[in-house]
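What follows draws every value from the coordinates through simple rules; no lab data is involved. As the structure is a computational prediction, the values presented were derived from the model and not from experiment. Positions of Cβ are generated from backbone atoms using ideal geometry, with glycine treated the same way; all protein chains shown enter the neighbour counts.
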Amino acid sequence: MMENKVMTKNLDFNNFNRDLIEKIAVLLVYLSALICILCVAIIGYFLLKNGVDGIKEIGLLKFLFGDIWSPQNKEFGIFPMIVASFYTVGLAVLFSAILGIYSAIFLVYFAPKWLSDVCDIVLSVLTSIPSVVYGFLGLMIVASIINLGFDASGRGLLCASIILSIMILPTIITISRDSFLALPDGYLQASLSLGASLEYSIIKVLLKAASGGILSGLILAISRALGESMAVLMISGNQPLIPQSLLDGMRTLSGHIILEMGYASGLHHQALLSTAFILFIITMFLNIIFGVIKVRIGG
């Protein structure tokens, strides 16, 4: 009888500890989420407070759709940088999305374990490499190849898109792979039991089931590509012009800010803060759109 009472007390104590740990964990999760929301709100408030004044003085339409950036002449049009940013990010995602998703499929369903483990290490290394190293490699290798193949400087839209696609590829592969691994085994087994091949099951069943997680990876990749500055700054040509071809030089919003913020003053400084505010709005808008799409597809 005494032993039963002791066991009951120990069981109650263990249950109490487990419940306490779970409550602490839930509290930490909520606290972390609150801190993230607070940080975004603070950043948004700072950019709004400091960026609106410049937009008011320059004029919203002139600022957004002007195609001339000349601080000496009080011309502050960021339309070429907006277009160049969308071109660069769009091409980078186009280059890396399909390759990243199918690489994740290969690692999960076809690759031997030793190869998958090696790829894990490689992906970790690629993720941790500083962006300036990517920019240096792009300048020395990719730009040189483009120079030889097309008789151009090599520093421009195509080079920047290729380097950005390499930079965001590990993010897409890692999150897509985790999305496939999180699927219940019953999805694949049910499809195979109905006579479908492994390849058909992956494309028609598992890819659709994991689409929410894959879309999350694309959102993170796009956000990183939009905010990348140093690598793109080194290989984009740094010309505040709308690129007319893949070989033309250009300048993205993030690269534009970091290039001129060090010496800007007065209205020039306000215009750069307004540019940062526009970049923040674009990033938030894209995240909201992809979030809505993710909810619609049930991710």
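Some observations on this one:
- LEU259 being surrounded by fewer than 21 Cβ atoms within 10 Å (Cβ to Cβ), more than 16 Å from the chain's Cα centre (by Cα) and part of a helix (DSSP H, G or I): yes
- Exactly one residue out of ILE242, ILE289, ILE258, ILE281 is in contact with a Leu (Cβ under 8 Å, 6 or more places away or on another chain) and among the aliphatic types (A, V, I, L, M): that is ILE258.
- Evaluation of MET140 against the conditions (1) over 30 Å from ASN238 (Cα atoms); (2) without any contact (Cβ under 8 Å) to a residue 60 or more places away in the chain; (3) not small (Gly, Ala, Ser) shows that the sole unmet condition is (1).
- Take the conditions (1) under 24 Å from the mean Cα position of the chain (by Cα); (2) of a type in the set (Gly, Ala, Ser); (3) within 30 Å of GLY291 (Cβ to Cβ); SER191 misses just one of them, which is (1).
- Lone unmet requirement of (1) out of contact with any Leu (no Cβ under 6 Å at 6 or more places or on another chain); (2) outside any helix (DSSP H, G or I) for SER176: (2)
- Every residue from segment 180-218 that is touching a residue at least 24 places away in the same chain (Cβ under 8 Å) and farther than 30 Å from ASN287 by Cα: LEU198
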